[in-house]
Amino acid sequence: QVQLVESGGGLVQAGGSLRLSCAASGRMFSPNAMGWYRQAPGKQRDLVAIITNGGSTNYADSVKGRFTISRGNAGNTVYLQMASLKPEDTAVYYCKCVQPGFVDWGQGTQVTVSS
């Protein structure tokens, strides 16, 4: 089990950029995957992007070409570079880590995109 701490959320104008970070503390096992989900008010929590420890990635169709997920060299940090942000990207963004026997979530960070 790991503890996940997100940072980097905030308020940005449409067309702007933000970079989210998520740091995992605790032991991580292979295989594992770290990713970002988001939840807007009144909606379900949906996948944004995910990356495995082998480097494979998967993106929601709505963010392809605009968002890029990556991991730090030590493998315990995941980043989400968001560009060309739209008002519909407004949500609480949650970091998730999946590894054998464990699924852990961060506390979430708010991203608000103004039109």
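What to note about this one:
- Within the range 99-108, the set of residues being open to solvent by 70 Å² or more (accessible area, probe 1.4 Å) and among the small types (Gly, Ala, Ser) comprises Gly101 only.
- Flag for Ser70 being of a type in the set (Ser, Thr, Tyr), closer than 17 Å to Val111 by Cβ and outside any loop (DSSP other than H, G, I, E, B): no
- Pairs, first touching a residue at least 60 places away in the same chain (Cβ under 8 Å) in the range 103-115, second loosely packed, with under 15 Cβ neighbours inside 10 Å and acidic (Asp, Glu), C-beta under 8 Å, six or more apart: Val113/Glu88
- Number of the condition not met by Cys95 [criteria: (1) part of a strand (DSSP E or B); (2) over 17 Å from Ser21 (Cβ atoms)]: (2)
- Taken together, the residues in the range 77-96 that are polar (S, T, N, Q) and touching a residue at least 60 places away in the same chain (Cβ under 8 Å) amount to 2.
- For the range 65-98, filtered to residues that are small (Gly, Ala, Ser) and at pLDDT 95 or above, the residue that is surrounded by the most Cβ atoms within 10 Å (Cβ to Cβ) is Ala91.
- Scanning the range 1-36 for residues that are open to solvent by 60 Å² or more (accessible area, probe 1.4 Å), at pLDDT 95 or above and part of a loop (DSSP other than H, G, I, E, B) yields a count of 1.
- Selection status of Ser62, over 14 Å from Val98 (Cβ atoms) and open to solvent by 20 Å² or more (accessible area, probe 1.4 Å): yes
The values are calculated or read from the model by the stated rules, or taken from the named source; none is laboratory data. Note that the structure is predicted; figures quoted are calculated from it, not measured. As a convention, Cβ positions derive from the backbone with ideal geometry for all residues, glycine included, and neighbour counts pool all protein chains shown. To get the accessible areas, we keep the full protein, side chains included, count just its heavy atoms, and leave off ligands, DNA and RNA. Shrake-Rupley method; radii C 1.70, N 1.55, O 1.52, S 1.80 Å.
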